[in-house]
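> Have a look at this one before I ask anything.
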Amino acid sequence: MTRSDNSLTSRSVQIGVGRDEKYGGISFPIYPSATYRHPKVGQSTGYEYARSGNPTRDILEEALADLEGGKRGLAFSSGMAALTTLFLHFSSGDHLVVSEDLYGGTYRVLDQIFAKFGLTCSFVKTSDNQAVAQALTPATKALLVETPGNPLLGITDLRFLAELCQDHHLLLIVDNTFLTPILQQPLKWGADIVVHSATKYLGGHSDLCAGALITRDETLGERLYFLQNSTGAILSPQDCWLLIRSLKTLPLRMERHSSTALKIALWLQNAATGGAGLLSRPE
Ligand SMILES: Cc1ncc(COP(=O)(O)O)c(C=O)c1O
């Protein structure tokens, strides 16, 4: 692992540590309260109502933003809840260019639900830079890519797309579910928004359904928070706590996923080449 990977490891394990100011809990508490008492008329603890904000969710959302290198993180009840809230940012008549190598549920919500409200999409092979450039129309507002794509694992050149988006004043949205911030940080390549199905690697234990949006800048983060608070697909305090707990081991789990996958790939290569392939990783 590189030095920055190590710092991600430390930051992950420290999520919420030192934040329980009242009792010093190393594990940040779950706040199930739906409503909050104000100390005095005109004063607030910062929390009023659970949909609008929750201390446990705040710790998680800060951690998500920190790990992806963004300014604002938002936690949702599923990856589809995060994507649906994100698509509400667009208006009737807007057009998106989207990876054709795309999670089926994302395709379904765009094709069968948002299309009814006039949001149109072109599904293109985003690993082909020219195909993406040619798919832009005067109505295009954003590119949405999965890299690697689900299910074909197509790879998209994020740096090229970020420059394209900058030239055409488009948002670049990257679904980073498969690599997680441990293996890829799209915001650092110039993306504006990162999406996660936290149900997968971020959660990592098949005991949680969750989603996330992370933005590079605060203004866009505030706009998405407005949509999250208005439509309400928030993650529950209990699940926020569970995801915090999961994130603490994310770097270790990704390291093991990667080394195991490499072993399997080498074994398959060896089997396919009848023993003439590499038996171990070249130094
Ligand atoms: C790449 C990708 N994005 C989004 C989703 C949707 O996430 P969820 O199932 O948490 O709603 C999935 C689910 O498999 C996915 O694989």
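> For the chain, return all DSSP H helices satisfying: extent of Cα atoms along own axis at least 27 Å; mean Kyte-Doolittle hydropathy at least 0.0.
Qualifying helices, which must be both long enough and hydrophobic enough, are 250-272.
> So for the chain, averaging the separation of alpha carbon pairs under 8 Å that are six or more residues apart and normalising by length, what relative contact order in percent results? Intermediate values should be presented prior to the final figure.
Working: 500 pairs, mean separation 65.1, N = 283.
So the answer I get is 23 percent.
> Please list 147-157, 25-35 highest first by mean number of surrounding beta-carbon atoms within 10 Å per residue.
Taking the mean over residues of other Cβ atoms within 10 Å, the ranking is 147-157, 25-35.
> If you don't mind, another one. What whole number of Å gives the distance from the Cα centroid of the stretch 4-78 to the Cα centroid of the stretch 159-222?
Centre-to-centre distance over Cα atoms comes out at 20 Å.
> Starting from the amide H of residue 210, placed 1.01 Å from N in the peptide plane, find each other amide H under 5 Å away whose residue is 5 or more places distant or on another chain.
Residues meeting the criterion, in which the H sits 1.01 Å from N, are 79, 198, 199.
> May I pose another question? Test of understanding: express the Cα radius of gyration of the stretch 124-251 as a ratio to 2.2 N^0.38 Å, with N the residue count.
Here the answer is 1.12, to two decimals.
> Order these peptides, 134-143, 244-253, by their mean beta-carbon neighbour count within 10 angstrom, highest first.
Details: 134-143: 16.0, 244-253: 19.7.
Top to bottom by mean Cβ count within 10 Å: 244-253, 134-143.
> Right, something else. Under a Cβ-Cβ cut-off of 9 Å, what is the net charge of the residues other than residue 99 that fall near it, where Lys and Arg count +1 and Asp and Glu count -1?
Once all neighbours under 9 Å are counted, the net charge is -3.
> Here's another thing I want to ask about it. On a full-extension model of 0.36 nm per residue, what is the gain between residue 116 and residue 48, subtracting their alpha-carbon distance, rounded to one decimal in nm?
21.0 nm
> While we're here: Rounded to the nearest 500, what is the 222 nm mean residue ellipticity of the chain from helices alone, with -39500 (n - 2.57) per DSSP H run of 4+ residues and division by all residues?
The per-residue figure over the chain is -11500 deg cm²/dmol.
> Can you say what percent of the DSSP beta bridges in the chain, counting only those with both residues inside, are antiparallel? Round to 5.
Values: 12 of 29 bridges.
The antiparallel proportion sits near 40 percent.
> While we're on this one: Give the lysines whose C-alpha is closer than 25 Å to that of residue 40, dropping any in the same chain fewer than 8 places away, or say none.
22
> Please report the carbon-and-sulfur percent of the accessible area for the chain; probe 1.4 Å, protein heavy atoms only, DNA, RNA and ligands left out.
55
> Rounded to the nearest whole Å², what accessible area per residue is found for the chain with the 1.4 Å probe?
Per residue, the chain has an accessible area of 52 Å².
> If you don't mind, there's one more thing I want to ask. Computed FRET efficiency, Cβ-Cβ of residue 268 and residue 77, R0 45 Å: what is it to the nearest 0.05?
On the way: r = 37 Å, r/R0 = 0.83.
Efficiency at R0 = 45 Å is approximately 0.75.
> Projecting each Cα onto the charge dipole of the chain (Lys/Arg +1, Asp/Glu -1 at the beta carbon, about the Cα centre), which of 45, 23, 133 comes out farthest on the positive side?
Value: 23.
The values are calculated or read from the model by the stated rules, or taken from the named source; none is laboratory data. None of these values were measured; they are calculated from a predicted model. Reconstructed Cβ throughout: ideal geometry from the backbone, glycine too, with neighbour counts over all protein chains shown. Each accessible area value is taken on the protein alone, full model and side chains, heavy atoms only, with ligands, DNA and RNA left out. Shrake-Rupley method; radii C 1.70, N 1.55, O 1.52, S 1.80 Å.
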